[in-house]
Every structure is written in structure tokens, then in C-alpha cells.
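What follows is a single structure, written as C-alpha cells, with notes after it.
The values are calculated or read from the model by the stated rules, or taken from the named source; none is laboratory data. Just so you know, these numbers come straight off a predicted model, no measurement behind them. Positions of Cβ are generated from backbone atoms using ideal geometry, with glycine treated the same way; all protein chains shown enter the neighbour counts.
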Amino acid sequence: MLSIFTLKVLFTIAILAVTLIAGWYPFYRRISDDAHFDLPIGDTLATGVFLGAALLHMLPEAASEFREMGYHYPWAYIIMGAVFLIFLWLEHLGKEMYEHNEASHPGFALLAWGMMCVHALMLGAALGLNHEHSLIIMLFLAIITHKWAESFAIAVQLNRSSLSPRSGLIFFMFFSLMTPIGIFIGWYFGGTIHTHSIFDPILMAASAGAFLYLGTLHGLERCVLVQQCCNLRYFSFVIVGFLIMAGVAVYV
């Protein structure tokens, strides 16, 4: 079996490659409409994995590490809830901005870009923090399934705005680097757990908040739990993803 180091390096390269490839086409063709490709089974499975990873792995681990460091106040739950609510507020803000301004207004594109960057950073940090092969592989699969669609969407938004092509490309390249940077940050702090770094449980709890949001309300009325909840074929994959993470919890 490949070492943790090798896995993380390979997955970092794969995530960066998928992000760049998915975002290249809108810039190449200057696509500026809302057309996008859906992968319902992949999206629903990733939703279940995100939900399970947040509630069964990252939140309990963050809470346990806070207790071991002598912090008995439920900081892990506070941080997770705060991150969740911030993402929800930002998405509502973006929706209001979109509805009350022209589609080409750069503010909406930049708000979406900023939110996606934080998503990407938190996803990378979660992968970097973990040390178990099975959990790392499952997080990678969930991230890669989600990443290509997110990359395509942000590239379209940047091309749709009044930003110049050069500026849009610069913003997109920053977005592309967020998950690899997050992996490095999580890897660095995760590797110093013996020093009792407070950043480790903080990052883990914040990542749990991001994962919980991605697994529930991301996209608001278009989110999987709303859009696909009555489609038993697709919704069953949410359950499968959650059960997979429950199974992984037995071994980690």
C-alpha cells in the first residue's frame, strides 16, 4: 500500500489537474452562460460523504483534541456552527446580489470566487489533517467529484462578469491553488499534533463546518438534499455515502 506521504502528493496533483482542466474550457471558449454539466450520482454520493465526514470524523476528533488540551467548553461545535452559518449567510448574500444586479456585475463573481476559495481551502485542510488511508481516499473521491463542477462553475462566473480575461484568469489560478495550499496547511499542522498545536483542532472543526455545509445547504434551493430528496434513486446514494463514512469510522 502507498504511504500517506505518497497518497497526499498524488491526490494533490490530481486535484490541481482536475481543477485546471475543468476551468480551462470556459476561458478557452469564453463561456458566459449558465450551462453546466451535472453528475447526479457523483454529487449525491459526495453529499453523503461530506455529511458523514463532518459528523462522524472531523467534529468528534476536533472535540476530543480540544478536551485533551484542557478546553472543556464546546469550542469544536461553536467553530463548526459558526463556519456553517457564515457560508449560509454568504450564499444568501450572493443570491441577493445576483437578483438585484446585472449578471455581469463583478461583485457577484468575486463573492462566489471568495466563497469557493474558502470551500477549497477547508476541503484541502481536511484531507491534509487526516492520517488514515481509508479516510484520505474517501475524502479525495468526494473532493474530486465535487471539484470539477465547482471549477467549471467559477470559471463561467468569472467569464460572465465584466472582469477582463486576464483578471479573470488570475483569480481562477488563485482558486486552483486553494485546495493544494489547504492540503499543505492541514498536513503541516496535522504533523505537529505531538506539540499540542491549537491550530489542529481549530482547522478540523472549521473543515467540519465546511463539509457540513457542502453536505446540506450548498446551493440553497438547488442543493442535493432539497432537489433530489424525493428521487429515491439519487437520494439513496446520499445514504450510501453516509454509510460508507460510518463504516470507515469503525477502522479509524
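Of the residues S151, S197, S167, the single one that is under 12 Å from the mean Cα position of the chain (by Cα) and among the small types (G, A, S) is S151. Within the range 37-85, being of a type in the set (S, T, N, Q) and either more than 19 Å from N231 (Cα to Cα) or at pLDDT 95 or above (or both) holds for one residue alone: S64. Among the conditions (1) over 27 Å from V238 (Cβ atoms); (2) in a helix (DSSP H, G or I), Y71 misses just one, which is (2).
For the range 213-234, a tally of residues being hydrophobic (A, V, I, L, M, F, W, C) and either modelled with pLDDT of 90 or more or in a loop (DSSP other than H, G, I, E, B) (or both) returns 4. Given the structure, is I181 in contact (Cβ under 8 Å) with a residue 60 or more places away in the chain, aliphatic (A, V, I, L, M) and either part of a helix (DSSP H, G or I) or in contact with a Leu (Cβ under 6 Å, 6 or more places away or on another chain) (or both)? In short, yes. The listed residues are L217, L127, and the only one of them that is closer than 20 Å to M245 by Cα, touching a residue at least 12 places away in the same chain (Cβ under 8 Å) and touching a Lys or Arg at 6+ places or on another chain (Cβ under 9 Å) turns out to be L127. More than 26 Å from G247 (Cβ to Cβ), out of contact with any His (no Cβ under 7 Å at 6 or more places or on another chain), touching a residue at least 24 places away in the same chain (Cβ under 8 Å) and not in a helix (DSSP H, G or I), is that true of L121? Against the criterion (more than 26 Å from G247 (Cβ to Cβ), out of contact with any His (no Cβ under 7 Å at 6 or more places or on another chain), touching a residue at least 24 places away in the same chain (Cβ under 8 Å) and not in a helix (DSSP H, G or I)), L121 does not qualify.
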